[in-house]
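In what follows, a single structure is set out as structure tokens and then discussed.
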Amino acid sequence: MIKEIKVKSVLNKTKKRDTWFLDDYTFNPYQSCSYNCLYCYIRGSKYGTNLATSLSVKTNAIELLEKQLKKHAEKGEYGFIVLSSVTDPYINIEKEYQLTRKALEVILKYRFPVHIITKSTLVERDFDLLKEIHQQAILPEDLQPKLSGGTLLTFSFSTIDDQIGNIFETGAPKPSLRIETLQKAIQSGFHAGVSMMPLLPFITDTTEHLEKLFSTFKKCKVNYLMPATLTVFGNGKADSKTLMLNAIKKHFPELEARYLRYFSNNHQLPKFYRNAFHLKMKELTKTYNLKDRII
Ligand code: SF4
């Protein structure tokens, strides 16, 4: 059941721009997410074990966005708006509600730059508006020499294997379809890349899987590729740690002992593992001549 809610504010100004995602603002027209990734950072008791059954739509989001953006534009406070930081901007109900599309029209009107982060193929529907934003947005002064325009498109992957995706991201479009949309974005001239957040220990961060990821994205001619490893939280039944450990037990029983050893008392992998992961990513980005940051 989809809840329709009204909110007091919809555009959040960040305290400090994140160096990975370049967000000066975040905008979330929906709450919860139909893609249901087990490792998702928004998981917890608020939304229950199936995120797709707790979706909310902020029905006054566009009206509020118009008011808030107008004020920031009048003060010349231009900066990237990230869509979306705590859901995907193209969850299934976007087809019906079209709040992301309507938000892009407002963003274009006030000439703000935009960064879309998604696992969806539906973003292709909005390439027309995103192209106009790319040409017309006013970039913050410090980013002007570093970027060619005002649209960034980041596609999110924890794997490029459809079967693995089906275990950990049950509601999301298949990785193979995401790759097709990424290719179309790059062929259309967007500044587009991927976030590999999170790569899954011993499953998608193996040498073999990493080679597949890097070679695939190199062939796609991505502008950047941002990797990070897994963090999981909580021991409640709807928490990401519980859901991930249950999935490992069911689908990768041979890895259960290692996952328990690393995660039962921690939300992140041990330092030696994170250091080795970091070095491996540096080595691969160098080998494939890829950037590990947008700028
Ligand atoms: S797509 Fe993003 S927000 Fe949605 S469930 Fe997956 S990780 Fe969470």
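List the helices (runs of 4 or more DSSP H) that sit entirely inside segment 237-295 and contain at least 1 residues that are loosely packed, with under 12 Cβ neighbours inside 10 Å and touching a strand residue (DSSP E or B) at 6+ places or on another chain (Cβ under 8 Å).
Filter on segment 237-295 gives an empty set.
With segment 24-118 as the region, which helices (runs of 4 or more DSSP H) entirely inside it contain at least 2 residues that are within 25 Å of residue 294 (Cα to Cα)?
Here the list reads 61-74, 99-109.
Which one of 143, 139, 130, 147 is hydrophobic (A, V, I, L, M, F, W, C), under 21 Å from residue 94 (Cα atoms) and at pLDDT 95 or above?
Of the residues listed, the single one that is hydrophobic (A, V, I, L, M, F, W, C), under 21 Å from residue 94 (Cα atoms) and at pLDDT 95 or above is 130.
What are the residues in segment 130-186 that are among the polar types (S, T, N, Q) and more than 16 Å from the ligand (Cβ to nearest atom), if any?
135, 136, 144, 148, 151, 163, 176, 183
Against the condition free of Cβ contacts under 8 Å to residues at least 40 places away in the same chain, within 12 Å of the ligand (Cβ to nearest atom) and either among the acidic types (Asp, Glu) or open to solvent by less than 60 Å² (accessible area, probe 1.4 Å) (or both), how does residue 90 come out, does it pass?
Yes.
Tell me, yes or no, whether segment 121-140 has at least one residue that is under 23 Å from residue 58 (Cα atoms), in contact (Cβ under 8 Å) with a residue 40 or more places away in the chain and touching a Pro at 6+ places or on another chain (Cβ under 6 Å).
Yes, some residue in segment 121-140 is under 23 Å from residue 58 (Cα atoms), in contact (Cβ under 8 Å) with a residue 40 or more places away in the chain and touching a Pro at 6+ places or on another chain (Cβ under 6 Å).
I need a count of the residues in segment 167-202 that are part of a helix (DSSP H, G or I), open to solvent by less than 10 Å² (accessible area, probe 1.4 Å) and among the charged types (D, E, K, R).
Matching residues across segment 167-202 total 1.
What number of residues in segment 107-124 are in contact with a helix residue (DSSP H, G or I) (Cβ under 7 Å, 6 or more places away or on another chain) and open to solvent by 10 Å² or more (accessible area, probe 1.4 Å)?
Final tally of qualifying residues: 7.
Listed here are the residues, each with its yes/no results for (1) among the hydrophobic types (A, V, I, L, M, F, W, C); (2) under 24 Å from residue 105 (Cβ atoms); (3) touching a Gly at 6+ places or on another chain (Cβ under 6 Å).
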{"site": "136", "(1), (2), (3)": "no, yes, no"}
{"site": "148", "(1), (2), (3)": "no, yes, no"}
{"site": "164", "(1), (2), (3)": "yes, no, no"}
{"site": "189", "(1), (2), (3)": "no, yes, no"}
{"site": "193", "(1), (2), (3)": "no, no, no"}
{"site": "204", "(1), (2), (3)": "no, no, no"}
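Any chance segment 135-156 includes a residue that's of a type in the set (S, T, N, Q), within 30 Å of residue 252 (Cβ to Cβ) and in contact with a helix residue (DSSP H, G or I) (Cβ under 7 Å, 6 or more places away or on another chain)?
no
Can you tell which of 52, 61 is farther than 29 Å from residue 196 by Cα, of a type in the set (A, V, I, L, M, F, W, C) and either buried (at least 16 other Cβ atoms within 10 Å of the Cβ) or in contact with a Pro (Cβ under 6 Å, 6 or more places away or on another chain) (or both)?
The match here is 61.
Given the conditions (1) modelled with pLDDT under 95; (2) more than 16 Å from the ligand (Cβ to nearest atom), report the number of the one that residue 84 does not fulfil.
Result: residue 84 passes all but (2).
Do we find that residue 48 is out of contact with any strand residue (DSSP E or B) (no Cβ under 7 Å at 6 or more places or on another chain) and small (Gly, Ala, Ser) in this structure?
It is true that residue 48 is out of contact with any strand residue (DSSP E or B) (no Cβ under 7 Å at 6 or more places or on another chain) and small (Gly, Ala, Ser).
Looking only at segment 23-45, count every residue that is near the ligand (Cβ under 10 Å from one of its atoms), more than 19 Å from residue 79 (Cβ to Cβ) and either more than 12 Å from the chain's Cα centre (by Cα) or not hydroxyl-bearing (Ser, Thr, Tyr) (or both) and tell me the total.
Count: 11.
Among 131, 102, which is the only one that is closer than 20 Å to residue 150 by Cα, out of contact with any helix residue (DSSP H, G or I) (no Cβ under 7 Å at 6 or more places or on another chain) and surrounded by fewer than 18 Cβ atoms within 10 Å (Cβ to Cβ)?
Exactly one residue qualifies, and that residue is 131.
Please find, within segment 108-120, the residue that is farthest from the chain's Cα centre (by Cα) out of those that are within 21 Å of residue 11 (Cα to Cα) and in contact (Cβ under 8 Å) with a residue 60 or more places away in the chain.
Of everything passing the filter in segment 108-120, 112 is farthest from the chain's Cα centre (by Cα).
The values are calculated or read from the model by the stated rules, or taken from the named source; none is laboratory data. Remember, predicted model here, so these are calculated numbers, not experimental data. Glycine gets a Cβ as well: all are built from the backbone with ideal geometry, and neighbour counts include every protein chain shown. In case anyone asks, the SASA skips ligands and DNA or RNA and just uses the protein heavy atoms, side chains included. Shrake-Rupley method; radii C 1.70, N 1.55, O 1.52, S 1.80 Å.
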